[in-house]
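Inspection log for the structure reproduced underneath, given as structure tokens.
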Amino acid sequence: MHLLSTDLTINYQEKAPVLRELKLYLRGGEILGIVGHSGCGKSSLAFALLGLLKLKGGSARGSFLWKGREMLGLKESEWLKLRGREIAFVPQSPVSSLNPALRLGTQLSEAWDLHAKGRRSEREQAIAGALHDVSLPGDPEFLRRYPSEISVGQAQRVLIAMAILHRPSLLIADEPTSALDAVTQSEILALFGELNRKLGMSILFISHDLLSVYALCHRIALIDQGSVVECSSPHNIFFSPKHPFTQKLIASLPSVPTAAEIEQALIY
Ligand SMILES: Nc1ncnc2c1ncn2[C@@H]1O[C@H](COP(=O)(O)OP(=O)(O)OP(=O)(O)O)[C@@H](O)[C@H]1O
Ligand SMILES: [Mg+2]
């Protein structure tokens with residue numbers, strides 16, 4: 001059974017659908033890259049998979065199966081139990097996603113308390129563990145800091161730590177590196193690869209940048225005009241693209257990496 005499979009049509013108000021019968025599946029432990037032009041509906045897909053589409057004024061029909069269970073029409077009270085615990089989210093903009101008025105430790109504790117009761121020591125242990133997993137210090141001095149006292153790259157790591165606190169089966173990352181400089185970007189990409197390997201976490205990695213996904217993802221799905229036009233391994237996408245959209249995207253890259261460069265950059 002797939003972890004997730006979709007056949008989703010998404011639209012806003014009475015407008016024409018943004019996504020039409022979009023078919024995708026994700027296996028347990030897999031990293032799937034979602035690539036497409038700006039405005040093709042990547043974030044809308046993420047919202048649907050997080051049960052947040054209604055809140056954004058959109059609606060979805062068709063099917064979204066999560067571990068075999070139909071999720072369309074699920075009540076918000078059910079989503080509250082699931083979101084952040086089984087399916088977690090890493091946003092695009094680390095700085096604006098953290099609350100500037102609260103210490104990092106407070107924000108991590110709040111994220112823990114959403115889905116766990118229990119002793120304080122358990123919470124402290126879970127937070128220290130998650131910070132360790134993202135290579136951040138878990139000492140009291142760090143936890144007392146405010147978001148303005150850390151770098152953007154560290155802020156993104158804190159958000160990833162928050163997302164993995166409850167060991168979700170799926171992490172949805174919507175352009176998680178686009179606000180970062182090139183070096184920090186590749187460090188965060190490597191971190192996603194590490195989390196996938198160490199914790200077996202599946203990742204839906206959304207990006208408009210083909211190059212940033214080729215090293216990380218097991219498969220890449222390309223979205224154009226509302227549907228998946230091609231879905232294959234990074235190698236096939238780069239070296240034998242089938243669909244004209246993929247071919248155009250590859251041709252537009254400043255330089256197409258060689259097979260050797262791809263092998264070298266592969267995180268696996
Ligand atoms: N809340 C909304 N209300 C109405 N239309 C919306 C809303 N959110 C998105 N849209 C429209 O839906 C389409 C897809 O938007 P979406 O944000 O999902 O694209 P995207 O692929 O994530 O783009 P980007 O790469 O720029 O983040 C766009 O045409 C957008 O204008
Ligand atoms: Mg988007």
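The values are calculated or read from the model by the stated rules, or taken from the named source; none is laboratory data. Computed from a prediction, not measured in an experiment: that's the story for all the values here. A quick note on method: Cβ atoms are made from the backbone with ideal geometry, for glycine too, and the neighbour counts reach across all protein chains shown.
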| request: With respect to SER44, determine if the residue is near ligand 1 (Cβ under 8 Å from one of its atoms) and closer than 18 Å to SER59 by Cβ. | output: yes
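Any residue at all in the range 69-82 that is touching a helix residue (DSSP H, G or I) at 6+ places or on another chain (Cβ under 6 Å) and crowded, with 16+ Cβ neighbours inside 10 Å?
Scanning the range 69-82, I find no residue that is touching a helix residue (DSSP H, G or I) at 6+ places or on another chain (Cβ under 6 Å) and crowded, with 16+ Cβ neighbours inside 10 Å, so the answer is no.
Against the definition (surrounded by 17 or more Cβ atoms within 10 Å (Cβ to Cβ) and over 19 Å from SER186 (Cβ atoms)), how does PRO168 come out, yes or no?
So PRO168 fits the description; yes.
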| So how many residues does the range 83-93 have that are within 16 Å of ligand 2 (Cβ to nearest atom) and surrounded by 20 or more Cβ atoms within 10 Å (Cβ to Cβ)? | 2
| note | Going through (1) surrounded by 20 or more Cβ atoms within 10 Å (Cβ to Cβ); (2) touching a Phe, Trp or Tyr at 6+ places or on another chain (Cβ under 6 Å) one by one, SER5 fails only at (1)
| Where residues in the range 10-41 are away from ligand 1 (no atom under 13 Å from the Cβ) and acidic (Asp, Glu), which of them is nearest to the chain's Cα centre (by Cα)? | GLU30
| When you scan the range 175-202, how many residues do you find that are under 12 Å from the mean Cα position of the chain (by Cα), among the hydrophobic types (A, V, I, L, M, F, W, C) and within 16 Å of ligand 1 (Cβ to nearest atom)? | 0
| said: Which of the numbered conditions does PHE89 fail, given that it passes all the others? Conditions: (1) out of contact with any Phe, Trp or Tyr (no Cβ under 6 Å at 6 or more places or on another chain); (2) more than 16 Å from ligand 1 (Cβ to nearest atom). | reply: (2)
| So which of LEU52, LEU26 ends up being among the aliphatic types (A, V, I, L, M), within 16 Å of ligand 2 (Cβ to nearest atom) and assigned by TED's automatic domain parsing to the domain that holds LEU249? | LEU52
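From the list THR246, THR177, pick out the single residue that is buried (at least 19 other Cβ atoms within 10 Å of the Cβ) and away from ligand 2 (no atom under 16 Å from the Cβ).
On the way: THR177 fails: away from ligand 2 (no atom under 16 Å from the Cβ).
Going through THR246, THR177 in turn, just one is buried (at least 19 other Cβ atoms within 10 Å of the Cβ) and away from ligand 2 (no atom under 16 Å from the Cβ): THR246.
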| remark: ASP224 vs (1) closer than 22 Å to VAL35 by Cβ; (2) buried (at least 21 other Cβ atoms within 10 Å of the Cβ): all pass except (2)
| query | How about the range 12-23: which of its residues are in a strand (DSSP E or B) and more than 16 Å from ligand 2 (Cβ to nearest atom)? | reply | ARG20, GLU21, LYS23
| message | On the basis of being outside any strand (DSSP E or B), of a type in the set (A, V, I, L, M, F, W, C), at pLDDT 90 or above and under 20 Å from LEU3 (Cβ atoms), does ILE206 make the cut? | response | no
